[in-house]
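Asker: A single structure is presented below for examination.
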Amino acid sequence: MTEDTARMAELAERLAAVRRRIESAAAEAGRGNDLPTLIVVTKFHPAADIRRLAALGVRDLGENRDQEASTKAAELADLGLHWHFVGQLQSKKAKSVARYAHAVHSIDRPALVDGLERAIAAEQDRTGRGALQCFIQVSLDDDAGAHRGGAAPAEVPLLADRLAAAGGLELAGVMAVAPVGASPEAAFEKLAAVSASLVAVHPTASAISAGMSQDLEAAIRFGATHLRIGSDILGSRPAVG
């Protein structure tokens, strides 16, 4: 067995195991065939792995560093993938992200909305690209924003209104990471409540980006529509020098 064949077999096995977990969790939550979108987070993994994943039916990929994401998106442009930017985003990177991203999951401040609106408008003039899906990242830490970024729940309505009014941006919903050491069930229940309040004002913004390798079942139980899974599919990240 060649190295390529072995890696393809490994990815197929890992991907199938995660998909079984998703199906089982959805069934247990009474969601039936209402399965969340699986975003495979490929940070630090080579473009060759993404080609293998695409051959296995994966279409949605997540990255959290613009330099790495833009390079991979350009190299793999022939695959017709959806790139989800899932990391903290500096406003100065908006122009670059607008070239390749299908969605940004980390909108946490008005200045970023403004930067992305300008960047998407320019990119639409240049290429005619579609609207950018935007998720408001919500901090579920008590000291909001101190750890993994995100807007406090009280800041979500203002951000939502700004996104909904922005040209070229589409308010998709909310995103969050369960705080380290906290119960993921409690965290995602809190996020579900934030989502419900958002949907009451913006009915189409019903997406919930939540759940990673260690807590996808809890996320599905509380309504996740998008999962961001990395290590359980790709294995340990390669060492970086």
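The values are calculated or read from the model by the stated rules, or taken from the named source; none is laboratory data. From a predicted model like this one, the values you see are computed outputs, not experimental measurements. Don't worry about glycine lacking a Cβ; one is built from the backbone with ideal geometry, like all the others, and counts go over all protein chains shown. The protein model used for the area step is the full one, side chains on, heavy atoms only, and it has no ligands, DNA or RNA in it. Shrake-Rupley method; radii C 1.70, N 1.55, O 1.52, S 1.80 Å.
Asker: Which whole-angstrom value gives the distance between the alpha carbon centres of the range 185-203 and the range 77-132?
Answerer: A separation of 24 Å, based on Cα centres.
Asker: 222 nm [θ] for the chain, helices only, -39500 (n - 2.57) per DSSP H run of 4+, per residue, to 500?
Answerer: About -14000 deg cm²/dmol.
Asker: Still on this structure: For G62, list long-range residues whose amide hydrogen, built 1.01 Å from N in the peptide plane, is under 5 Å from its own amide hydrogen.
Answerer: V40, V41, T42, H84
Asker: A further question follows. Compute, for the chain, the length of the dipole vector about the Cα centre, with Cβ point charges of +1 (Lys, Arg) and -1 (Asp, Glu) only. Units Debye, rounded to 20.
Answerer: Using Cβ point charges on Lys, Arg, Asp and Glu, the chain gives about 460 debye.
Asker: Could you give log10 I(q)/I(0) at q = 0.17, 0.20 Å⁻¹ for the range 1-69, computed by the Debye formula over C-alpha point scatterers of equal weight, without solvent?
Answerer: Relative scattering, expressed as log10 I(q)/I(0), comes to -0.71, -0.89.
Asker: Which entries of K93/K190; K72/K93; K43/K72 have Cα-Cα distances beyond 19 Å here?
Answerer: Violating the 19 Å limit, Cα to Cα: K93/K190.
Asker: Return the tail of the calculated pair distribution for the range 61-173, meaning the percent of Cα-Cα pairs more than 18 Å apart.
Answerer: In whole percent, the share of Cα-Cα pairs in the range 61-173 beyond 18 Å is 47.
Asker: Just want to confirm a number: the relative contact order over the chain, from Cα pairs under 8 angstrom separated by 6+ residues, in percent.
Answerer: Reported relative contact order: 20 percent.
Asker: Dipole of the range 98-216, Cα-centred, from +1 at each Lys and Arg C-beta and -1 at each Asp and Glu C-beta, to the nearest 20 debye?
Answerer: Roughly 420 debye for the range 98-216.
Asker: Residues with beta-carbon under 12 Å from that of Y100, excluding Y100: net charge, scoring Lys, Arg +1 and Asp, Glu -1?
Answerer: 0
Asker: Packing-wise, with mean Cβ within 10 Å as the measure, how do 118-126, 224-232 rank, highest first?
Answerer: Most protected by this proxy first, the peptides run 224-232, 118-126.
Asker: Considering only the other residues whose Cβ falls under 13 Å of the Cβ of A74, what net charge follows from Lys and Arg at +1 and Asp and Glu at -1?
Answerer: Around A74, the charge tally is -3.
Asker: Before I look further, what does the chain give for accessible area per residue, probe 1.4 Å, in whole square angstrom?
Answerer: Ligands and nucleic acids excluded, the figure is 46 Å² per residue.
Asker: Separate question: On a full-extension model of 0.36 nm per residue, what is the gain between E13 and A165, subtracting their alpha-carbon distance, rounded to one decimal in nm?
Answerer: Net length gain for the segment: 50.4 nm.
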